[in-house]
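Everything below concerns the one structure shown next.
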């Protein structure tokens, strides 16, 4: 199957348009990283506390952020996650202590910030949606609404567990009102709970902490993984083709990575471990597409040895254009579906893939190939010999078996 046959597009003739496009996005990304949003590292890298909150109604992230800010919790990040109908929110705090007490500290501060006026109106009462089974048991033991006397402990422990199970397993973490416990526990227990508890419109589902030392180590490993991948590609292409081809491929991948990170900064989207995984995937994907174009250039240098490099590169890009559109288009549709329907948890990962597929395909044509031609022109202006490309040739019937290597000069 082919989308294009015998195309003759002058890609190199449009190199200044490509350069302008890349400069606009690269400079905008650098300005954002340097002066506006910085590099928005996720909690995986900067360390901090993640608080997962379930609401009884559709949450407003802006209003939640304002409530947290008024409570004195600065630099908090609030975002929806999961299925929209689940009304779930992820709150990220810069609380970086690594002790067990910090877990309770982050949770308590978030609860106090989100309860706001509701807690003030119910002064002296506990929040049922954020109360533990132990807190319920102790309260019932103190009030003893069923007048159980000496048998109270095991009975009220079971009642408290039934209330928590109703809240967490049946109501998905949030009770709309205390009256929803009618039919679950005795009416006297419900009446007693109303005296000492109120039902807020949210519940804390989970609290996680990433310590500052772990975040620093993950940052270092992410940078090293990216640099090692770039170095490996440079060495491979230098050996497989010639060093300038490796340099062109690495510069192309650096261009793709810079634009991807820059767009994340412009959008103020957090860069998490999954985003780094996507970027490393795209480094390989972009390099693969570049190698396909380079390999066709190598074949055409052997066949069209009297033509100059610019014409050979143009012809090679046109010959591989159909293959590029088919493979990149199919991959793009897949990651686009992941971005649209994968949910908030995978949104950063899928966004990096969407950006990377587009930029990686574009750069294989618009960045990598012009670098080769620009280098050739630079050598010609300095009166140096044209670059040579190793070409594999098979032996004839009277020649030794196996491939041999010889140099073909590209005529300028």
(request) Between 311, 295, 151, find the one with the highest GNM mean-square fluctuation for the chain; connect C-alpha pairs within less than 10 Å. (result) 151
(message) Under 8 Å for C-alpha pairs, at least 6 residues apart: give me the relative contact order for the chain, rounded to a whole percent.
(response) 22
(message) Give me the base-10 log of I(q)/I(0) for segment 48-209 at each q in 0.11, 0.20, 0.21 Å⁻¹, Debye formula, one uniform scatterer per Cα, rounded to two decimals.
(response) -0.47, -1.28, -1.35
(message) Compute the angle between helix 133-143 and the longest alpha-carbon principal axis of the chain, please, reported from 0 to 90 degrees and rounded to the nearest 10.
(response) 10
(message) Cut-off 10 angstrom, C-alpha nodes, Gaussian network model of the chain. Which of 349, 45, 11 fluctuates the most?
(response) 11
(request) Counting other beta carbons within 10 Å of each Cβ, put 197, 339 in order, fewest first. (result) 339, 197
(message) Above 21 Å lies some portion of the pair distances; for segment 143-256, what is it as a whole percent of all C-alpha pairs?
(response) 63
(request) Could you state the angle between the C-alpha long axis of helix 187-196 and the longest principal axis of the C-alpha atoms of the chain, as a value from 0 to 90 degrees rounded to the nearest 10? (result) 70
(request) Provide, in order from the shortest bin, the percent of all Cα-Cα pairs of segment 194-236 in each 10 Å bin, continuing until the bin that contains the maximum pair distance. (result) 20, 22, 18, 16, 12, 7, 4, 1
(request) Kindly provide log₁₀ I(q)/I(0) values, in the same order as q = 0.11, 0.16 Å⁻¹, from the Debye equation applied to equal alpha-carbon scatterers of segment 270-377. (result) -0.42, -0.73
(message) Less than 15 Å from a label point 7 Å out along the Cα-to-Cβ axis of residue 325: which backbone N atoms in segment 1-44 qualify, by residue?
(response) 1-11
(request) Mind sorting 133, 32, 26 by how few other Cβ atoms lie within 10 Å of their own Cβ, fewest first? (result) 26, 133, 32
(request) Sort 192, 322, 62 so that the residue with the fewest other Cβ atoms within 10 Å of its own Cβ comes first and the one with the most comes last. (result) 62, 322, 192
(request) Return a whole-number percent for the relative contact order of segment 48-209, with Cα pairs under 8 Å and 6 or more residues apart as the contact set. (result) 33
(request) In a Gaussian network model over the chain where Cα atoms closer than 10 Å are linked, find which of 228, 81, 362 has the largest mean-square fluctuation. (result) 228
(message) I need to check one value: relative contact order of segment 156-225, counting alpha carbon pairs closer than 8 Å and at least 6 residues apart, in percent.
(response) 28
(request) Please report, to two decimal places, log10 I(q)/I(0) for the chain at q = 0.06, 0.11 Å⁻¹ as given by the Debye formula with identical point scatterers on the Cα atoms and no solvent. (result) -0.42, -0.89
(request) Measure off 7 Å from each Cα along the Cα-to-Cβ vector at residue 375 and residue 302, then give the distance between these two points in nanometres to one decimal. (result) 2.1
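A short reminder: the numbers here are calculations on the coordinates, not readings from a lab. Only a predicted model underlies this, so the values are computations on that prediction, with no experimental measurement involved. Methodologically, a virtual Cβ is constructed for each residue, glycine included, from the backbone with ideal geometry; neighbour enumeration extends over all protein chains shown.
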